[in-house]
Amino acid sequence: MDFSLTEEQKALREEMFRVCAELGKNGPAELTGAPEDKWLTDEGWEHNHRAWKEIAKRGWLSIDWPVEYGGQGRSRIYKAFLAEAMGYNRISPDAGIGIVAPTLFAFGTEDQKHRFLPSIASGDVHWCQLWSEPGAGSDLANVSTRGVRAGDHYVINGQKTWTTGGHRADWGFMVFRTDPNAKPKHRGLSYILVDMKTPGITVRALPQMNFKHGYNEVFLDEVQVPAANLIGKENDGWKITRGAMNSERSGLGVLAKLQRYVDVLVEYCNETEVEGKRLSEDPIIRNRIAEIACDLAAAKALSYRVIWAQDAGQTTAFEPSAIKVRSSEIYMNISYLGNEIIGPFGQVKNSRWAPLQGIFEDEYQSSMALALAAGTNEIQRNIIAWEGLGLPRMR
């Protein structure tokens, strides 16, 4: 196992960082590089869309796809470079690249690949996740949204919640129930792609404590979805969802964003004096920043290990869960530390008195959501226990 980069890889990674730095430098203040940021305001949405289009022109969104589907046939490491460059430079990723495309390659038909992949690679079509429900979050097997086959389509009724970007997305990827009598319950789920403009779909905002609009409820009333959009076979949804979850949890974008915050804090501490002494000379501050930097380095190494294993065709069942747990905890720790270092003025929004534009106050609120999104940390630890360590399942 050799994680050292070739000269060609180093050069392309540097180019990706240079291009993304240029694309991200004039973005709105609310953009941090988190997946949900792009949905929050019209200005942020347009900024991200322009960035995606420029990245797509270089063929980078599909850089690891097979050539016959419009990609460059490169390894997943190049996709990881792009995730880092985007995350560090405040450009949000899209679920089309991170989840839908890998799912299509693993389980989709040739017709589905040719229908959906081109618009993902071009950055024209954006996707939302229609999984969680009021009674089925971490317990995804409890999904109750029901789909009944009627000729060449499914008629779907139900409700989804915590749908990030549902108010702007063009398409959604949905888990729904096709066999209400299946035992165990997860065997009755199916996976389908849904046009968000389909009649019968209603999207309603879910207010957040930081007054942002990223999350939504989605109501489905007699929604007709072509059966040709079903991924895999009917009742195969659990297997497909598990594969999609690993794609969602194994990226480097969040870690790159957190690395930027470490760099921002280091620069702030080097430039700021309190009682004639730079903050960077305080041993407690130095040690706490260094501790977070160590955690980041370890999480990044594990992320690259997962990418290497996936490229080698190995199963990565629990490692993505470990990455998800550590990245969410580091996110909360760096946000909390940033607020402690900056002090009360860091809480003053939209003020010239707020150091670093008050980013850590806002990020501390947002960081709590990452411990819940994509499967709670408690669920991730259970996965690590039974799939990684061979411990008994919790019932």
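Every read-out reported here was derived from the displayed coordinates using simple, explicitly stated rules and does not represent laboratory data. Since we're looking at a predicted model, the values are computed, not measured. For neighbour counting, all protein chains shown are included, and Cβ atoms are generated from backbone atoms with ideal geometry for every residue, glycine included.
Below is a table of values for the structure above.
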{"item": "Candidates per trypsin sites (Lys or Arg not before Pro) in segment 2-98, loop by DSSP, up to 10 other Cβ within 10 Å", "result": "Lys25"}
{"item": "Projected label distance in nm at Lys53 and Thr109, using a 7 Å step from Cα toward the beta-carbon", "result": "3.3 nm"}
{"item": "Nitroxide proxy distance, nm - points 7 Å out along Cα→Cβ at Ala317 and Ala301", "result": "2.5 nm"}
{"item": "Most mobile of Thr41, Thr272, Thr145 in a GNM of the chain (Cα contacts under 10 Å)", "result": "Thr272"}
{"item": "Under 15 Å from the Glu267 label point (7 Å along Cα→beta-carbon), backbone N, segment 326-368", "result": "355-360"}
{"item": "Translational diffusion of segment 250-388, µm² s⁻¹ [Kirkwood Rh, Cα pairs; Stokes-Einstein; 37 °C; 0.692 mPa s]", "result": "202 µm²/s"}
{"item": "Of the GluC sites (Glu not before Pro) in segment 231-337, those whose Cβ has at most 16 other Cβ within 10 Å and which sit in DSSP loop", "result": "Glu275"}
{"item": "Relative contact order, percent, the chain [alpha-carbon distance under 8 Å, six or more residues apart]", "result": "14 percent"}
{"item": "Sparse-neighbourhood loop sites, trypsin sites (Lys or Arg not before Pro) in segment 151-221 - DSSP loop, at most 10 other Cβ within 10 angstrom", "result": "Lys197"}
{"item": "Three-way shape call for segment 129-233 based on the alpha-carbon gyration tensor, with the a/c threshold at 1.5", "result": "oblate"}
{"item": "Residue order, fewest to most beta carbons within 10 Å, for Asp42, Asp94", "result": "Asp42, Asp94"}
{"item": "Nearest-ten-degree value, helix 7-24 long axis tilted from longest Cα axis of the chain", "result": "90 degrees"}
{"item": "Entries of Lys53/Lys257; Lys53/Lys233; Lys212/Lys233; Lys10/Lys300; Lys25/Lys300; Lys212/Lys324 with Cα pairs more than 28 Å apart", "result": "Lys53/Lys233; Lys212/Lys233"}
{"item": "Calculated FRET value between Val348 and Arg278, using beta carbons and R₀ = 22 Å, to 0.05", "result": "0.45"}
{"item": "Length-normalised contact order of segment 20-163 in % [C-alpha pairs under 8 Å, at least 6 apart]", "result": "21 percent"}
{"item": "Cα-based Rg / Dmax (Å) for segment 12-144", "result": "15.6, 47"}
{"item": "Ascending count of other beta-carbon atoms within 10 Å, so fewest first, for Met16, Met174", "result": "Met16, Met174"}
{"item": "Proxy reagent accessibility, fewest Cβ within 10 Å first, across Met196, Met86, Met368, Met209", "result": "Met209, Met368, Met196, Met86"}
{"item": "Helical mean residue ellipticity (222 nm; -39500 (n - 2.57) per DSSP H run of 4+; nearest 500) of the chain", "result": "-14000 deg cm²/dmol"}
{"item": "Residue of Ser92, Ser122, Ser351 that the Gaussian network model of the chain assigns the largest fluctuation, springs spanning Cα pairs under 10 Å", "result": "Ser351"}
{"item": "Where N is the number of residues in segment 67-211, Cα Rg divided by 2.2 N^0.38 Å", "result": "1.15"}
